[in-house]
Amino acid sequence: MPLIHSFETMGTVVNVRVDDAFSADQFTGACADVEAVFAALNERFSLYREDSEISQIARGELRLADSSEVMREAYAQAISWRDQTGGAFSPDRPDGVLDLSGTIKAVAIAQAADALRQAGATNFCVNAGGDIVVSGRDDLAAADAPDSWSMGIVDPGDRMQMLTAVRLTAKLPAMATSGSAERGEHIWLKPGTDQTFQQVSVLAPDIVMADVLATAIVAGGHAQMAHAVQNFPVAVFAIDHHGEFFANALFESALAN
Amino acid sequence: MRAKSAFAAGVGSAAIVAIGWQAGLGALAQQLPTSTAIASGTTTNASGTTGTTATPSPSASASASASASSGTSSSSSSSSSSSTTTTTTYKDGTYTGSVVATRYGNSQVQVVIKGGKISDVIVLQRQQVDTKSNQISASATATLKTKVLAAQSASVSNISGATYTTQSYLQSLQNALSQAK
(Lines give C-alpha, C1' and ligand atoms only; values in the text may rest on other atoms or scores of the structure.)
Protein backbone atom coordinates (compact mmCIF):
# COMPACT_ATOMS: atom_id res chain seq x y z
CA MET A 1 0.00 0.00 0.00
CA PRO A 2 1.41 3.38 -0.95
CA LEU A 3 1.93 5.87 1.85
CA ILE A 4 0.72 9.34 0.94
CA HIS A 5 1.13 12.68 2.69
CA SER A 6 0.04 16.11 1.46
CA PHE A 7 0.84 19.53 2.86
CA GLU A 8 0.74 23.11 1.74
CA THR A 9 3.72 25.36 1.13
CA MET A 10 5.03 27.91 -1.38
CA GLY A 11 1.47 28.69 -2.42
CA THR A 12 0.81 25.19 -3.65
CA VAL A 13 0.19 21.63 -2.51
CA VAL A 14 3.00 19.12 -2.05
CA ASN A 15 2.21 15.44 -2.28
CA VAL A 16 4.71 12.84 -1.01
CA ARG A 17 4.16 9.22 -1.87
CA VAL A 18 6.35 6.31 -0.75
CA ASP A 19 5.84 2.85 -2.20
CA ASP A 20 8.28 1.15 0.18
CA ALA A 21 7.44 -1.04 3.16
CA PHE A 22 7.78 1.85 5.60
CA SER A 23 6.38 1.80 9.11
CA ALA A 24 4.03 4.63 10.03
CA ASP A 25 6.77 6.19 12.18
CA GLN A 26 9.33 5.93 9.41
CA PHE A 27 6.97 7.63 6.98
CA THR A 28 6.04 10.35 9.44
CA GLY A 29 9.72 11.07 10.09
CA ALA A 30 10.56 11.19 6.39
CA CYS A 31 7.67 13.54 5.68
CA ALA A 32 8.78 15.83 8.51
CA ASP A 33 12.19 16.04 6.82
CA VAL A 34 10.53 16.91 3.50
CA GLU A 35 8.38 19.59 5.12
CA ALA A 36 11.46 21.06 6.77
CA VAL A 37 13.20 21.33 3.39
CA PHE A 38 10.32 23.29 1.86
CA ALA A 39 9.86 25.44 4.98
CA ALA A 40 13.53 26.47 5.08
CA LEU A 41 13.60 27.54 1.44
CA ASN A 42 10.21 29.23 1.67
CA GLU A 43 11.37 31.21 4.70
CA ARG A 44 14.30 32.62 2.78
CA PHE A 45 12.86 32.98 -0.74
CA SER A 46 9.18 33.88 -0.31
CA LEU A 47 8.23 37.35 -1.50
CA TYR A 48 4.98 36.90 0.46
CA ARG A 49 6.91 36.97 3.72
CA GLU A 50 8.04 40.42 4.71
CA ASP A 51 10.80 39.01 6.90
CA SER A 52 12.33 36.81 4.18
CA GLU A 53 15.80 37.57 2.90
CA ILE A 54 14.54 38.06 -0.66
CA SER A 55 11.93 40.58 0.57
CA GLN A 56 14.76 42.52 2.20
CA ILE A 57 16.51 42.57 -1.17
CA ALA A 58 13.29 43.61 -2.90
CA ARG A 59 12.91 46.56 -0.50
CA GLY A 60 16.50 47.59 -1.09
CA GLU A 61 17.51 46.96 2.52
CA LEU A 62 19.99 44.26 1.56
CA ARG A 63 22.30 44.23 -1.43
CA LEU A 64 22.52 40.97 -3.34
CA ALA A 65 26.30 41.12 -2.96
CA ASP A 66 25.88 41.16 0.82
CA SER A 67 23.27 38.40 0.92
CA SER A 68 23.74 34.84 2.14
CA GLU A 69 25.69 32.29 0.14
CA VAL A 70 22.49 30.30 -0.39
CA MET A 71 20.84 33.37 -1.92
CA ARG A 72 23.78 34.16 -4.17
CA GLU A 73 24.03 30.55 -5.34
CA ALA A 74 20.31 30.49 -6.16
CA TYR A 75 20.71 33.76 -8.04
CA ALA A 76 23.69 32.44 -10.01
CA GLN A 77 21.72 29.30 -10.91
CA ALA A 78 18.75 31.33 -12.13
CA ILE A 79 20.99 33.67 -14.17
CA SER A 80 22.71 30.67 -15.72
CA TRP A 81 19.32 29.32 -16.82
CA ARG A 82 18.34 32.74 -18.12
CA ASP A 83 21.43 32.68 -20.34
CA GLN A 84 20.86 29.07 -21.43
CA THR A 85 17.30 29.89 -22.55
CA GLY A 86 18.17 33.15 -24.28
CA GLY A 87 16.19 35.05 -21.67
CA ALA A 88 12.95 33.11 -22.12
CA PHE A 89 13.31 32.16 -18.47
CA SER A 90 14.27 34.99 -16.15
CA PRO A 91 14.39 35.66 -12.41
CA ASP A 92 13.90 39.37 -12.98
CA ARG A 93 10.31 40.45 -12.76
CA PRO A 94 9.17 43.21 -15.15
CA ASP A 95 8.84 45.55 -12.15
CA GLY A 96 12.51 45.01 -11.32
CA VAL A 97 11.98 42.75 -8.33
CA LEU A 98 14.23 39.69 -8.11
CA ASP A 99 11.99 36.61 -7.87
CA LEU A 100 13.69 33.23 -7.51
CA SER A 101 10.49 31.26 -6.94
CA GLY A 102 10.78 29.90 -10.49
CA THR A 103 13.78 27.79 -9.56
CA ILE A 104 13.42 27.52 -5.78
CA LYS A 105 10.36 25.27 -5.85
CA ALA A 106 12.27 22.88 -8.11
CA VAL A 107 15.33 23.09 -5.86
CA ALA A 108 13.07 22.21 -2.92
CA ILE A 109 11.65 19.19 -4.77
CA ALA A 110 15.18 17.96 -5.50
CA GLN A 111 16.24 18.44 -1.87
CA ALA A 112 13.08 16.70 -0.70
CA ALA A 113 13.99 13.71 -2.85
CA ASP A 114 17.46 13.68 -1.24
CA ALA A 115 15.84 13.79 2.21
CA LEU A 116 13.63 10.81 1.33
CA ARG A 117 16.68 8.86 0.12
CA GLN A 118 18.49 9.64 3.37
CA ALA A 119 15.46 8.39 5.27
CA GLY A 120 15.85 5.07 3.46
CA ALA A 121 13.19 5.40 0.78
CA THR A 122 13.96 3.93 -2.65
CA ASN A 123 10.55 4.00 -4.36
CA PHE A 124 8.96 7.40 -3.98
CA CYS A 125 7.44 10.40 -5.71
CA VAL A 126 7.39 14.07 -4.73
CA ASN A 127 4.78 16.20 -6.50
CA ALA A 128 4.71 19.94 -5.81
CA GLY A 129 1.91 21.64 -7.70
CA GLY A 130 2.28 19.30 -10.66
CA ASP A 131 6.10 19.31 -10.77
CA ILE A 132 7.36 15.83 -10.03
CA VAL A 133 10.46 13.84 -9.12
CA VAL A 134 10.37 10.06 -8.80
CA SER A 135 12.73 7.33 -7.70
CA GLY A 136 12.50 3.62 -8.38
CA ARG A 137 9.04 2.33 -9.20
CA ASP A 138 5.42 2.67 -8.21
CA ASP A 139 3.31 -0.32 -7.32
CA LEU A 140 1.74 -0.16 -10.79
CA ALA A 141 5.01 -1.06 -12.52
CA ALA A 142 4.81 -4.50 -14.09
CA ALA A 143 7.26 -7.12 -12.89
CA ASP A 144 8.94 -7.38 -16.30
CA ALA A 145 8.95 -3.64 -17.02
CA PRO A 146 11.83 -1.32 -16.18
CA ASP A 147 11.48 0.54 -12.91
CA SER A 148 9.10 3.37 -13.59
CA TRP A 149 6.34 5.60 -12.32
CA SER A 150 3.23 6.15 -14.41
CA MET A 151 2.29 9.81 -14.48
CA GLY A 152 -0.72 11.48 -15.98
CA ILE A 153 -0.59 14.84 -17.73
CA VAL A 154 -3.56 17.09 -17.16
CA ASP A 155 -5.78 18.14 -20.06
CA PRO A 156 -5.34 21.94 -20.19
CA GLY A 157 -8.89 22.22 -21.54
CA ASP A 158 -10.35 20.45 -18.51
CA ARG A 159 -8.16 20.27 -15.40
CA MET A 160 -10.15 17.35 -14.00
CA GLN A 161 -9.30 15.19 -17.00
CA MET A 162 -6.13 13.41 -17.91
CA LEU A 163 -4.87 13.99 -21.44
CA THR A 164 -2.15 11.38 -21.61
CA ALA A 165 0.31 9.44 -19.47
CA VAL A 166 4.05 8.83 -19.42
CA ARG A 167 6.46 6.56 -17.59
CA LEU A 168 9.21 8.25 -15.61
CA THR A 169 12.38 6.19 -15.29
CA ALA A 170 15.85 6.68 -13.81
CA LYS A 171 17.00 8.32 -17.05
CA LEU A 172 14.31 11.03 -16.96
CA PRO A 173 12.95 10.97 -13.38
CA ALA A 174 11.71 14.58 -13.31
CA MET A 175 8.72 16.17 -15.01
CA ALA A 176 7.37 19.71 -14.96
CA THR A 177 4.32 21.16 -16.66
CA SER A 178 3.82 24.85 -17.36
CA GLY A 179 0.77 26.55 -18.75
CA SER A 180 -0.20 29.91 -20.08
CA ALA A 181 -3.85 29.61 -19.04
CA GLU A 182 -3.13 30.11 -15.37
CA ARG A 183 -0.46 32.73 -15.86
CA GLY A 184 1.42 34.09 -12.94
CA GLU A 185 4.29 33.06 -10.72
CA HIS A 186 7.30 32.78 -12.98
CA ILE A 187 5.80 33.25 -16.44
CA TRP A 188 5.90 36.84 -17.53
CA LEU A 189 4.90 38.14 -20.88
CA LYS A 190 7.54 40.38 -22.31
CA PRO A 191 6.67 42.43 -25.38
CA GLY A 192 6.74 40.15 -28.39
CA THR A 193 6.41 37.02 -26.28
CA ASP A 194 5.25 34.01 -28.18
CA GLN A 195 1.84 32.69 -27.10
CA THR A 196 1.82 29.54 -29.16
CA PHE A 197 1.46 26.93 -26.44
CA GLN A 198 -1.21 26.61 -23.77
CA GLN A 199 0.64 23.85 -21.93
CA VAL A 200 4.12 22.36 -22.03
CA SER A 201 5.45 19.29 -20.21
CA VAL A 202 9.18 18.56 -19.98
CA LEU A 203 10.77 15.31 -18.74
CA ALA A 204 14.40 15.82 -17.70
CA PRO A 205 17.25 14.29 -15.69
CA ASP A 206 16.60 16.83 -12.93
CA ILE A 207 13.61 18.88 -11.86
CA VAL A 208 15.25 22.32 -12.14
CA MET A 209 16.00 21.67 -15.82
CA ALA A 210 12.47 20.34 -16.38
CA ASP A 211 10.83 23.31 -14.67
CA VAL A 212 12.97 26.00 -16.31
CA LEU A 213 12.61 24.56 -19.82
CA ALA A 214 8.83 24.09 -19.49
CA THR A 215 8.57 27.73 -18.46
CA ALA A 216 10.89 28.87 -21.24
CA ILE A 217 8.97 26.96 -23.94
CA VAL A 218 5.64 28.41 -22.83
CA ALA A 219 7.23 31.85 -23.08
CA GLY A 220 9.23 31.22 -26.25
CA GLY A 221 7.07 28.92 -28.38
CA HIS A 222 8.38 26.71 -31.18
CA ALA A 223 11.79 28.39 -31.27
CA GLN A 224 12.40 27.60 -27.58
CA MET A 225 11.08 24.07 -28.01
CA ALA A 226 13.55 23.44 -30.86
CA HIS A 227 16.33 25.02 -28.80
CA ALA A 228 15.51 22.89 -25.76
CA VAL A 229 15.44 19.53 -27.54
CA GLN A 230 18.65 20.32 -29.41
CA ASN A 231 20.59 21.40 -26.35
CA PHE A 232 19.28 19.32 -23.47
CA PRO A 233 18.51 15.60 -23.01
CA VAL A 234 14.80 16.21 -22.49
CA ALA A 235 11.45 14.85 -23.62
CA VAL A 236 9.00 17.61 -24.55
CA PHE A 237 5.24 17.61 -25.10
CA ALA A 238 3.47 20.85 -26.04
CA ILE A 239 -0.15 21.67 -26.83
CA ASP A 240 -0.88 24.80 -28.81
CA HIS A 241 -3.98 26.96 -28.57
CA HIS A 242 -5.63 25.05 -31.42
CA GLY A 243 -5.27 21.78 -29.53
CA GLU A 244 -2.46 20.48 -31.74
CA PHE A 245 0.21 18.34 -30.07
CA PHE A 246 3.94 18.68 -30.57
CA ALA A 247 6.46 16.21 -29.17
CA ASN A 248 9.97 14.96 -29.73
CA ALA A 249 10.91 11.32 -30.19
CA LEU A 250 12.08 10.98 -26.61
CA PHE A 251 8.62 11.94 -25.38
CA GLU A 252 6.94 9.50 -27.73
CA SER A 253 9.07 6.71 -26.31
CA ALA A 254 8.15 7.75 -22.77
CA LEU A 255 4.40 7.50 -23.42
CA ALA A 256 2.60 4.90 -21.33
CA ASN A 257 0.88 2.13 -23.18
CA MET B 1 -1.07 41.40 -0.44
CA ARG B 2 -4.08 39.69 -1.88
CA ALA B 3 -2.03 36.60 -2.46
CA LYS B 4 -0.72 36.70 1.05
CA SER B 5 -4.13 36.72 2.65
CA ALA B 6 -5.25 33.93 0.36
CA PHE B 7 -2.23 31.96 1.48
CA ALA B 8 -3.14 32.48 5.12
CA ALA B 9 -6.68 31.36 4.37
CA GLY B 10 -5.25 28.36 2.61
CA VAL B 11 -3.40 27.13 5.67
CA GLY B 12 -6.66 26.66 7.49
CA SER B 13 -8.05 24.72 4.58
CA ALA B 14 -5.02 22.56 3.95
CA ALA B 15 -6.86 19.39 4.90
CA ILE B 16 -9.66 20.14 2.46
CA VAL B 17 -7.22 20.92 -0.30
CA ALA B 18 -5.35 17.70 0.32
CA ILE B 19 -8.55 15.70 0.20
CA GLY B 20 -9.54 17.49 -2.99
CA TRP B 21 -6.20 16.58 -4.50
CA GLN B 22 -6.63 12.89 -3.80
CA ALA B 23 -10.30 12.92 -4.75
CA GLY B 24 -9.36 14.58 -8.01
CA LEU B 25 -6.99 11.74 -8.80
CA GLY B 26 -9.70 9.21 -8.12
CA ALA B 27 -12.08 11.07 -10.38
CA LEU B 28 -9.40 11.14 -13.07
CA ALA B 29 -8.82 7.43 -12.81
CA GLN B 30 -12.52 6.75 -13.24
CA GLN B 31 -12.93 9.04 -16.21
CA LEU B 32 -9.90 7.98 -18.20
CA PRO B 33 -11.23 6.97 -21.61
CA THR B 34 -13.06 10.25 -22.17
CA SER B 35 -12.40 13.69 -23.58
CA THR B 36 -10.83 13.57 -26.98
CA ALA B 37 -12.02 17.08 -27.70
CA ILE B 38 -8.48 18.37 -27.38
CA ALA B 39 -7.51 16.27 -30.38
CA SER B 40 -9.67 18.15 -32.82
CA GLY B 41 -6.71 18.97 -35.02
CA THR B 42 -6.66 18.91 -38.78
CA THR B 43 -4.73 16.46 -40.87
CA THR B 44 -3.52 18.96 -43.42
CA ASN B 45 -1.05 20.93 -41.37
CA ALA B 46 2.21 19.09 -41.66
CA SER B 47 4.46 21.98 -40.77
CA GLY B 48 7.60 20.86 -39.09
CA THR B 49 7.59 17.42 -40.63
CA THR B 50 8.45 18.29 -44.21
CA GLY B 51 11.41 20.36 -45.14
CA THR B 52 13.52 17.67 -46.70
CA THR B 53 14.93 19.12 -49.86
CA ALA B 54 17.76 18.04 -52.05
CA THR B 55 19.51 19.02 -55.22
CA PRO B 56 20.67 15.71 -56.62
CA SER B 57 21.70 16.70 -60.12
CA PRO B 58 22.53 19.74 -62.22
CA SER B 59 19.15 19.46 -63.90
CA ALA B 60 16.56 21.74 -62.38
CA SER B 61 13.68 19.44 -63.24
CA ALA B 62 15.43 16.44 -61.75
CA SER B 63 16.02 18.43 -58.64
CA ALA B 64 12.35 19.31 -58.37
CA SER B 65 11.20 15.72 -58.76
CA ALA B 66 13.74 14.45 -56.31
CA SER B 67 12.78 16.95 -53.67
CA ALA B 68 9.12 16.16 -54.15
CA SER B 69 9.59 12.44 -53.81
CA SER B 70 11.92 12.77 -50.87
CA GLY B 71 9.11 13.93 -48.61
CA THR B 72 9.51 11.09 -46.17
CA SER B 73 6.05 10.96 -44.74
CA SER B 74 2.56 12.02 -45.59
CA SER B 75 3.16 13.99 -48.76
CA SER B 76 4.67 11.19 -50.84
CA SER B 77 1.54 10.07 -52.67
CA SER B 78 1.28 13.08 -54.92
CA SER B 79 4.98 13.11 -55.65
CA SER B 80 5.05 9.49 -56.83
CA SER B 81 2.40 10.24 -59.43
CA SER B 82 4.29 13.29 -60.64
CA SER B 83 7.51 11.34 -61.02
CA THR B 84 5.84 8.64 -63.14
CA THR B 85 4.19 11.07 -65.50
CA THR B 86 7.27 13.11 -66.19
CA THR B 87 8.77 12.65 -69.63
CA THR B 88 12.21 13.92 -68.76
CA THR B 89 14.82 11.21 -69.05
CA TYR B 90 17.54 11.28 -66.42
CA LYS B 91 21.00 9.93 -66.87
CA ASP B 92 21.39 6.67 -64.97
CA GLY B 93 23.46 6.77 -61.81
CA THR B 94 23.40 7.64 -58.15
CA TYR B 95 23.24 11.27 -57.14
CA THR B 96 23.85 12.59 -53.69
CA GLY B 97 22.08 15.76 -52.65
CA SER B 98 23.74 18.46 -50.67
CA VAL B 99 23.28 18.60 -46.92
CA VAL B 100 20.44 20.92 -46.07
CA ALA B 101 20.36 22.43 -42.61
CA THR B 102 16.93 22.74 -41.02
CA ARG B 103 16.01 24.00 -37.59
CA TYR B 104 15.78 20.40 -36.43
CA GLY B 105 19.10 19.27 -37.86
CA ASN B 106 20.60 18.22 -41.15
CA SER B 107 18.88 16.51 -44.02
CA GLN B 108 20.44 14.73 -47.01
CA VAL B 109 19.14 12.27 -49.61
CA GLN B 110 20.58 10.14 -52.41
CA VAL B 111 18.65 9.50 -55.63
CA VAL B 112 19.17 6.39 -57.76
CA ILE B 113 18.27 6.65 -61.47
CA LYS B 114 17.75 3.49 -63.49
CA GLY B 115 16.43 3.36 -67.02
CA GLY B 116 16.06 7.11 -67.00
CA LYS B 117 13.69 7.06 -64.05
CA ILE B 118 14.01 7.58 -60.32
CA SER B 119 14.20 4.09 -58.88
CA ASP B 120 15.05 4.89 -55.30
CA VAL B 121 15.47 7.74 -52.86
CA ILE B 122 17.74 6.96 -49.95
CA VAL B 123 17.70 9.16 -46.86
CA LEU B 124 21.31 9.58 -45.79
CA GLN B 125 20.66 11.99 -42.97
CA ARG B 126 17.34 12.56 -41.35
CA GLN B 127 16.55 15.81 -39.63
CA GLN B 128 18.60 14.71 -36.70
CA VAL B 129 22.18 15.22 -35.79
CA ASP B 130 23.86 14.66 -32.46
CA THR B 131 21.00 13.56 -30.23
CA LYS B 132 18.36 11.10 -31.32
CA SER B 133 15.73 13.06 -29.50
CA ASN B 134 15.72 16.39 -31.25
CA GLN B 135 13.14 15.79 -33.96
CA ILE B 136 9.79 17.30 -33.16
CA SER B 137 6.67 15.83 -34.64
CA ALA B 138 3.25 17.41 -34.66
CA SER B 139 -0.13 15.83 -34.10
CA ALA B 140 -0.79 16.50 -37.78
CA THR B 141 1.20 13.31 -38.20
CA ALA B 142 -1.55 10.97 -37.09
CA THR B 143 0.76 8.61 -35.20
CA LEU B 144 1.63 11.16 -32.54
CA LYS B 145 -2.01 11.95 -31.83
CA THR B 146 -2.89 8.26 -31.72
CA LYS B 147 -0.06 7.45 -29.35
CA VAL B 148 -0.79 10.39 -27.05
CA LEU B 149 -4.48 9.58 -26.78
CA ALA B 150 -3.88 5.85 -26.46
CA ALA B 151 -1.87 6.57 -23.32
CA GLN B 152 -4.98 8.14 -21.79
CA SER B 153 -6.15 4.73 -20.71
CA ALA B 154 -3.04 4.00 -18.64
CA SER B 155 -3.31 3.69 -14.89
CA VAL B 156 -1.35 6.43 -13.18
CA SER B 157 -0.06 7.02 -9.70
CA ASN B 158 0.19 10.79 -9.90
CA ILE B 159 -0.59 13.77 -12.12
CA SER B 160 1.44 16.60 -13.59
CA GLY B 161 -0.23 19.86 -14.54
CA ALA B 162 0.49 23.53 -14.77
CA THR B 163 1.08 24.97 -11.33
CA TYR B 164 -2.10 24.96 -9.32
CA THR B 165 -2.09 27.85 -6.95
CA THR B 166 -3.79 27.54 -3.64
CA GLN B 167 -6.04 30.39 -4.67
CA SER B 168 -7.32 28.59 -7.75
CA TYR B 169 -7.93 25.45 -5.75
CA LEU B 170 -9.90 27.36 -3.15
CA GLN B 171 -11.78 29.32 -5.78
CA SER B 172 -12.90 26.21 -7.60
CA LEU B 173 -13.79 24.57 -4.32
CA GLN B 174 -15.88 27.54 -3.27
CA ASN B 175 -17.47 27.64 -6.68
CA ALA B 176 -18.43 24.00 -6.43
CA LEU B 177 -19.80 24.46 -2.92
CA SER B 178 -21.89 27.47 -3.91
CA GLN B 179 -23.36 25.50 -6.79
CA ALA B 180 -24.18 22.65 -4.45
CA LYS B 181 -26.40 24.85 -2.26
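Conditions (1) crowded, with 19+ Cβ neighbours inside 10 Å; (2) within 11 Å of chain B (Cβ to nearest Cβ), marked per residue:
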residue: A:GLN84; (1), (2): no, no
residue: A:ALA88; (1), (2): yes, no
residue: A:GLY96; (1), (2): no, no
residue: A:ALA115; (1), (2): yes, no
residue: A:SER150; (1), (2): yes, yes
residue: A:LEU172; (1), (2): yes, yes
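Among (1) within 20 Å of A:VAL16 (Cβ to Cβ); (2) not in a loop (DSSP other than H, G, I, E, B), which single condition is A:SER80 missing?
Just one mismatch for A:SER80, condition (1).
Take the residues in the range A:202-257 that are in a helix (DSSP H, G or I) and within 19 Å of A:MET162 (Cα to Cα); name whichever of them is nearest to the other protein chains (Cβ to nearest Cβ).
The residue in question is A:GLU252.
Please go through the range A:47-60 and give me each residue that is in a helix (DSSP H, G or I), farther than 15 Å from A:ARG93 by Cα and free of Cβ contacts under 8 Å to residues at least 12 places away in the same chain, ordered by number. Break it down into steps so the answer makes sense when it comes.
Step one: list which residues in the range A:47-60 are in a helix (DSSP H, G or I), which gives A:53-58.
So of that shortlist, the ones also farther than 15 Å from A:ARG93 by Cα come out as A:53, A:56.
Hit for the range A:47-60 is A:GLN56, nothing else.
Checking A:ILE4 against (1) β-branched (Val, Ile, Thr); (2) within 14 Å of another protein chain (Cβ to nearest Cβ); (3) over 22 Å from A:ASP138 (Cβ atoms); (4) without any contact (Cβ under 8 Å) to a residue 24 or more places away in the chain, which single condition isn't satisfied?
(3)
Condition first: at pLDDT 90 or above and part of a loop (DSSP other than H, G, I, E, B). Now tell me which residues in the range A:1-46 satisfy that.
Across the range A:1-46, the qualifying residues are A:ASP19, A:ASP20, A:ALA21, A:PHE22, A:SER23, A:SER46.
How about the range B:155-169: which of its residues are part of a loop (DSSP other than H, G, I, E, B) and either at pLDDT 80 or above or in contact with a helix residue (DSSP H, G or I) (Cβ under 9 Å, 6 or more places away or on another chain) (or both)?
Of everything in the range B:155-169, those that are part of a loop (DSSP other than H, G, I, E, B) and either at pLDDT 80 or above or in contact with a helix residue (DSSP H, G or I) (Cβ under 9 Å, 6 or more places away or on another chain) (or both) turn out to be B:SER155, B:VAL156, B:SER157, B:ALA162, B:THR163, B:TYR164, B:THR165.
Only one of (1) more than 18 Å from the chain's Cα centre (by Cα); (2) at pLDDT 95 or above fails for A:ALA112. Which number is that?
Only one criterion is unmet by A:ALA112, namely (1).
Give the residues of the range A:43-55 that are surrounded by 16 or more Cβ atoms within 10 Å (Cβ to Cβ) and not small (Gly, Ala, Ser), sorted by residue number.
Those that are surrounded by 16 or more Cβ atoms within 10 Å (Cβ to Cβ) and not small (Gly, Ala, Ser): A:ARG44, A:PHE45, A:LEU47, A:TYR48, A:GLU53, A:ILE54.
Residues being surrounded by 13 or more Cβ atoms within 10 Å (Cβ to Cβ) and either among the basic types (Lys, Arg) or closer than 20 Å to A:ALA40 by Cα (or both): count how many of those fall in the range A:56-82.
To start, the set of residues in the range A:56-82 that are surrounded by 13 or more Cβ atoms within 10 Å (Cβ to Cβ) comprises A:56-58, A:62, A:67, A:70-72, A:74-75, A:77-79, A:81-82.
Then keep just the ones that are either among the basic types (Lys, Arg) or closer than 20 Å to A:ALA40 by Cα (or both); that gives A:56-58, A:62, A:67, A:70-72, A:74-75, A:77-78, A:82.
Residues in the range A:56-82 being surrounded by 13 or more Cβ atoms within 10 Å (Cβ to Cβ) and either among the basic types (Lys, Arg) or closer than 20 Å to A:ALA40 by Cα (or both): 13 in total.
Out of the residues in the range A:123-148 meeting the condition of being within 7 Å of another protein chain (Cβ to nearest Cβ) and in a loop (DSSP other than H, G, I, E, B), tell me which one is modelled with the lowest pLDDT.
Among those that are within 7 Å of another protein chain (Cβ to nearest Cβ) and in a loop (DSSP other than H, G, I, E, B), it is A:LEU140.
Kindly evaluate A:ALA165 against the criterion of being small (Gly, Ala, Ser), surrounded by 21 or more Cβ atoms within 10 Å (Cβ to Cβ) and either at the interface with chain B (Cβ under 8 Å from one of its Cβ atoms) or part of a strand (DSSP E or B) (or both).
Criteria met by A:ALA165.
Whether any residue in the range A:187-194 is surrounded by 24 or more Cβ atoms within 10 Å (Cβ to Cβ) and either at pLDDT 90 or above or of a type outside the set (D, E, K, R) (or both) is what I want to check. Spell out how you get there, then give the answer.
Of all residues in the range A:187-194, those surrounded by 24 or more Cβ atoms within 10 Å (Cβ to Cβ) come to none.
The answer is no; no qualifying residue exists.
Is there any pair linking a residue in the range A:195-217 that is farther than 15 Å from A:ALA238 by Cβ and surrounded by fewer than 23 Cβ atoms within 10 Å (Cβ to Cβ) to one that is acidic (Asp, Glu) and modelled with pLDDT of 95 or more, with Cβ under 9 Å and at least six apart or on different chains, and which?
If the second residue must be acidic (Asp, Glu) and modelled with pLDDT of 95 or more, no pairs are left.
The values are calculated or read from the model by the stated rules, or taken from the named source; none is laboratory data. Nothing here was measured: the structure is a model prediction, and the numbers come from that model. No Cβ is skipped: glycine too gets one built from the backbone with ideal geometry, and neighbour counts run over all protein chains shown.
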